Amino acid sequence: MSNKITTFQLCSLMLINDIFAIFCLCGGISAATAAGFGIGSVLQLIISVPLICMYKKRGTLSDCGKIAKIILLGGIILWGGMLFSMLMKAGNLVFIPFEEVGKWGGIITTALIAVVCLYIASSGIKAMARSAVIAAALGAVCLGVVAVSAIIHSDLENIKSAESTGFFHELSKGFTLSGGLAGFTVMLGFVKDNIPRTAIGYFIGKAVITAAVLISGVLVCGGIMKITDFPIVWAAQLTQPFSFQRIDSLFLIVFTVFAVYSIAIQASAAEYLVGEVFPFIKRYRCSIILVIMAAAGALSGQWIHGNAFTVILSAGGLIAVPVIYFIRRKIRL
Amino acid sequence: MKENDYKKQRIYADLEQNLNYIKKITGHSTDILVNEFVTGGIKCAFLCCDGMLSSRAAADMVLSPITDLPKQANAQGLFDYIQAHMLLSADRSKAENYGDLMRLIHSGFAVFIAEGADTALAFGVQGFNTRGVQEPSGEGNILGSHEGFSETIRTNMSLIRRRLKTPELVMKIMTKGNKSNTEICLCYMKDRVPPRLLDRIMKSLDEIDLETILSTGYIRPFVEKKSFELFSSTGLSERPDVVCSKLIEGRAIILVDGVPYGIIIPRLLCESFHTIDDYAHKPFYAIFLRWIRYGAFILSFLLPAVYTAIAMYHPELLNSTLLMLLAKEEENAPLSLLTETFIVLIMYEVIREAGVRLPKPVGGAVSIISGLIIGDAAVKSGLVSTPLLTITALSVLGGLVVPDLNPQITLLRFAFLAAGGILGFFGISILACAVLTNMCGTEDYGFPFTAPISPFSSKGMGDTLFRMGFRKMQNRNFTVEEYHE
């Protein structure tokens with residue numbers, strides 16, 4: 001792995017992916033959702049400990065056998081498909097010109113995003129990671145404006161009025177948006193800095209930022225949560241920091257940029273795994289993966305348990321990789 | 001005779017054969033002057049290229065003393081006497097083959113050959129006409145030096161040396177171009193430049209097998225990455241003071257004879273926003289100017305696209321007064337906003353190109369006429385709306401603030417306009433992702449073009465987003481190696 005990235009770059013890549021998933025979060029959210037996501041992040045950190053140990057001992061994915069890598073690849077492709085699917089659903093709320101054309105509009109939008117993702121993923125992990133930092137900074141500024149505006153215009157009653165569906169349900173919701181764990185498993189291997197510090201930093205960052213975004217959403221949309229499909233997108237649209245001018249179209253920029261990077265990260269990670277698992281595929285790896293992801297996205301719309309299955313595969317891969325590594329190591333010793 | 005056969009051919013000892021061979025190589029070219037004479041009792045010839053050497057210097061410094069030598073036993077004795085007892089020129093050379101001999105003649109050396117000698121002595125008495133040191137045409141400044149590079153490589157080397165009087169500054173001249181035999185000079189500070197960078201530049205230069213080198217553009221592709229990079233990872237400067245500051249930071253500079261620019265390796269994006277005046281002003285004012293440039297850069301390629309996208313797809317972003325104003329202005333325009341913007345931008349590019357290529361007096365007239373046509377007639381006739389013209393003018397002006405990036409800005413302006421006009425903010429966003437990735441992927445010799453922003457270096461911010469004072473800067477000891485990945 002000559003393409004090494006820094007802690008900061010990995011965190012930016014993965015947080016973009018997580019925040020985009022939160023943008024596309026369907027159904028009601030409450031303060032309990034934020035807590036669920038936070039605790040979910042801590043639990044994810046705990047199950048990542050073996051993986052962190054593996055990378056700390058200079059283990060690589062190449063030492064883990066094909067099965068673990070195939071599980072990871074499945075998780076990544078399914079999560080990529082989910083991202084495409086979420087983008088299409090949430091894309092109806094944020095204005096994309098071609099969306100008005102109907103089915104073909106959706107296909108054109110997907111194709112355009114796939115083409116840009118293909119370019120980003122094929123530019124190499126370093127270029128993607130460096131640009132993701134700038135994209136994340138841009139997103140942070142925009143989200144900061146939305147959050148500040150949400151606090152200014154907030155009504156604390158909204159927190160009370162947003163109904164929770166129970167803590168364990170919220171916790172599971174937090175987990176169902178963790179398809180990025182498979183990508184994290186791959187990307188962590190590219191980090192040149194201190195691996196444990198990177199992983200801890202990422203999960204803590206994830207817990208804090210997702211909680212902040214969700215709370216902002218609850219503060220704005222708490223009262224109308226029952227009629228909102230996508231609470232975060234709605235919150236961004238309802239939040240107007242300036243009394244004389246609307247700025248919610250700017251949210252479309254952050255939404256699109258995060259969508260592109262989220263899918264590109266999955267494509268890049270999957271491309272690496274395809275190279276490991278199917279070394280005979282030398283060309284068009286990324287294109288093939290993106291086509292499969294888009295197809296998976298189209299199918300996942302009809303698959304109710306798609307999200308859960310994706311998370312099972314991703315988390316399974318995250319656990320399987322270090323387990324297989326340590327078993328093989330023990331046998332060799 | 002094949003094209004380059006003569007280059008490795010050793011010089012004939014027989015003078016007549018020697019001269020016949022030189023005439024054969026040069027095809028009896030009129031500007032190669034051959035003067036035969038006898039000195040020290042030995043038949044000799046004096047060779048030079050007409051117009052390339054100073055006749056007065058050649059006569060006073062070489063011809064006059066050399067024609068009055070004591071008798072010598074043979075040619076070798078004559079050459080040894082000249083070498084040991086006469087300092088005819090500070091720049092002396094010796095040729096053993098016809099390749100070197102022709103190169104020296106064509107470079108303005110006075111070449112001396114003798115009957116029985118299989119070598120030639122050459123004395124530097126160059127005196128061709130050159131443009132003197134003048135004010136740089138493209139990198140203007142207010143408080144700094146007003147000297148710029150000229151077309152003569154030796155003059156440019158002296159301009160650098162005058163500013164860095166230290167033995168650490170190394171200048172290595174080499175010749176490239178099979179036909180042009182152009183001198184290029186690699187300059188670096190031996191205590192600052194990363195050795196790996198130097199090795200890799202030398203390897204890149206060894207790959208050059210061009211026939212001619214007529215501008216820096218012939219060399220730059222060899223010292224840049226092969227893959228498609230929108231932005232160039234090597235820079236150009238026609239200012240010796242800028243080049244010296246880069247040398248101090250551990251960069252390498254390539255000077256090319258006949259070109260008044262130095263190639264800076266590596267160049268970073270943030271440097272396009274720096275000027276030498278930044279270091280002459282107070283830091284707070286320099287920071288203000290720097291931020292103006294950053295803003296102007298973003299406006300230069302995004303403004304027309306954002307304007308079109310807002311007007312066509314996201315009018316809610318405008319407040320009601322502005323929206324009404326724009327709607328009223330665009331009401332009578334016969335073309336769609338996207339077409340109108342394209343036409344105005346293309347008109348500007350045509351005018352700019354005409355202004356640059358035409359002779360100066362005509363160029364000025366073109367600017368006045370086009371200004372009147374666009375500024376007055378087009379608006380009055382209703383072909384172009386006033387807000388659009390204002391937006392375009394602002395965007396174009398913004399591009400002129402960062403002249404280094406003008407080619408990229410021009411293309412990006414059109415690309416973003418197309419994306420914004422067809423797909424609104426969605427289009428601008430996806431194109432921005434691609435451009436950003438390309439920019440961040442630009443890297444040569446391990447130096448990321450976007451450093452110190454991404455990869456982030458807090459130390460580098462002191463002279464990127466801000467401009468720290470010299471009291472702090474003197475302890476910083478910055479070299480570009482800090483950004484190496």
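Of note, A:ALA121 does not satisfy the criterion of being within 16 Å of the chain's Cα centre (by Cα), within 14 Å of chain B (Cβ to nearest Cβ) and either within 13 Å of A:PHE258 (Cβ to Cβ) or at pLDDT below 90 (or both).
Results for (1) within 21 Å of B:SER107 (Cβ to Cβ); (2) in contact with a strand residue (DSSP E or B) (Cβ under 8 Å, 6 or more places away or on another chain); (3) small (Gly, Ala, Ser), shown as yes or no for each residue.
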position	(1), (2), (3)
B:GLU36	no, yes, no
B:ALA45	yes, yes, yes
B:CYS48	yes, yes, no
B:GLY51	yes, no, yes
B:ARG56	yes, no, no
B:ALA73	no, no, yes
B:GLN76	no, no, no
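Can you name every residue in region B:78-115 that is within 31 Å of the chain's Cα centre (by Cα), assigned to a strand (DSSP E or B) and crowded, with 23+ Cβ neighbours inside 10 Å? Hits for region B:78-115 are B:PHE109, B:ALA110. Of all positions in region B:304-313, none carries a residue that is modelled with pLDDT under 95, among the hydrophobic types (A, V, I, L, M, F, W, C) and under 22 Å from B:SER454 (Cα atoms).
Quick check on region B:157-169. Is at least one of its residues β-branched (Val, Ile, Thr), touching a helix residue (DSSP H, G or I) at 6+ places or on another chain (Cβ under 8 Å) and either at positive phi or touching a residue at least 24 places away in the same chain (Cβ under 8 Å) (or both)? So far as region B:157-169 goes, yes, one or more of its residues are β-branched (Val, Ile, Thr), touching a helix residue (DSSP H, G or I) at 6+ places or on another chain (Cβ under 8 Å) and either at positive phi or touching a residue at least 24 places away in the same chain (Cβ under 8 Å) (or both). The residues on offer are A:LEU10, A:LEU43, A:LEU72, and the sole one that is in contact with a Leu (Cβ under 9 Å, 6 or more places away or on another chain), assigned to a helix (DSSP H, G or I) and surrounded by fewer than 17 Cβ atoms within 10 Å (Cβ to Cβ) is A:LEU43. Scan region B:454-470 and tell me whether some residue there is over 20 Å from B:LEU236 (Cα atoms), buried (at least 22 other Cβ atoms within 10 Å of the Cβ) and within 13 Å of chain A (Cβ to nearest Cβ). Yes, there is a match, as at least one residue in region B:454-470 is over 20 Å from B:LEU236 (Cα atoms), buried (at least 22 other Cβ atoms within 10 Å of the Cβ) and within 13 Å of chain A (Cβ to nearest Cβ).
Whether a residue is within 14 Å of another protein chain (Cβ to nearest Cβ), assigned to a helix (DSSP H, G or I), touching a residue at least 24 places away in the same chain (Cβ under 8 Å) and farther than 24 Å from B:ASP404 by Cα was assessed, and B:LEU338 passes this test. Every condition in (1) more than 29 Å from B:THR275 (Cβ to Cβ); (2) under 33 Å from the mean Cα position of the chain (by Cα) holds for B:LEU383 except the one numbered (2). When B:GLY420, B:GLY424, B:GLY441 are checked against the criterion of being in contact with a His (Cβ under 9 Å, 6 or more places away or on another chain) and either at positive phi or within 13 Å of chain A (Cβ to nearest Cβ) (or both), a single residue qualifies: B:GLY424.
Would you be able to say whether some residue in region B:454-468 is of a type in the set (D, E, K, R), within 19 Å of B:SER300 (Cα to Cα) and either touching a helix residue (DSSP H, G or I) at 6+ places or on another chain (Cβ under 7 Å) or part of a loop (DSSP other than H, G, I, E, B) (or both)? Break it down stepwise before answering.
First pass over region B:454-468, keeping only residues of a type in the set (D, E, K, R): B:459, B:463, B:467.
This time we only want the ones that are within 19 Å of B:SER300 (Cα to Cα), so: none.
Looking through region B:454-468, none of the residues is of a type in the set (D, E, K, R), within 19 Å of B:SER300 (Cα to Cα) and either touching a helix residue (DSSP H, G or I) at 6+ places or on another chain (Cβ under 7 Å) or part of a loop (DSSP other than H, G, I, E, B) (or both).
Here the condition is being modelled with pLDDT of 90 or more, within 11 Å of chain A (Cβ to nearest Cβ), buried (at least 16 other Cβ atoms within 10 Å of the Cβ) and assigned to a helix (DSSP H, G or I); of B:ALA415, B:ALA432, it holds for B:ALA432 alone.
Picking from residues in region B:299-335 that are out of contact with any helix residue (DSSP H, G or I) (no Cβ under 8 Å at 6 or more places or on another chain) and farther than 25 Å from B:LYS380 by Cβ, the one that is nearest to the other protein chains (Cβ to nearest Cβ) is B:ASN319.
Hey, among B:ILE184, B:ILE201, B:ILE213, which residue is within 19 Å of the chain's Cα centre (by Cα), touching a residue at least 40 places away in the same chain (Cβ under 8 Å), assigned to a loop (DSSP other than H, G, I, E, B) and closer than 18 Å to B:GLY235 by Cα?
Numbers: B:ILE184 fails: assigned to a loop (DSSP other than H, G, I, E, B); B:ILE201 fails: assigned to a loop (DSSP other than H, G, I, E, B).
Selected residue: B:ILE213, the only one of B:ILE184, B:ILE201, B:ILE213 that is within 19 Å of the chain's Cα centre (by Cα), touching a residue at least 40 places away in the same chain (Cβ under 8 Å), assigned to a loop (DSSP other than H, G, I, E, B) and closer than 18 Å to B:GLY235 by Cα.
In region A:109-227, counting only helices (runs of 4 or more DSSP H) that sit wholly within it, the ones holding 1 or more residues that are buried (at least 21 other Cβ atoms within 10 Å of the Cβ) and of a type in the set (A, V, I, L, M) span A:125-152, A:181-187, A:195-221. Is it the case, given these coordinates, that B:ILE343 is within 14 Å of chain A (Cβ to nearest Cβ), at negative phi and part of a helix (DSSP H, G or I)? Taking the combined requirement at face value, the residue does not satisfy it.
The values are calculated or read from the model by the stated rules, or taken from the named source; none is laboratory data. The structure presented is a predicted model; accordingly, all values stated were derived computationally and were not measured. Counting neighbours? That spans all protein chains shown, and the Cβs are built from the backbone with ideal geometry, glycine included.
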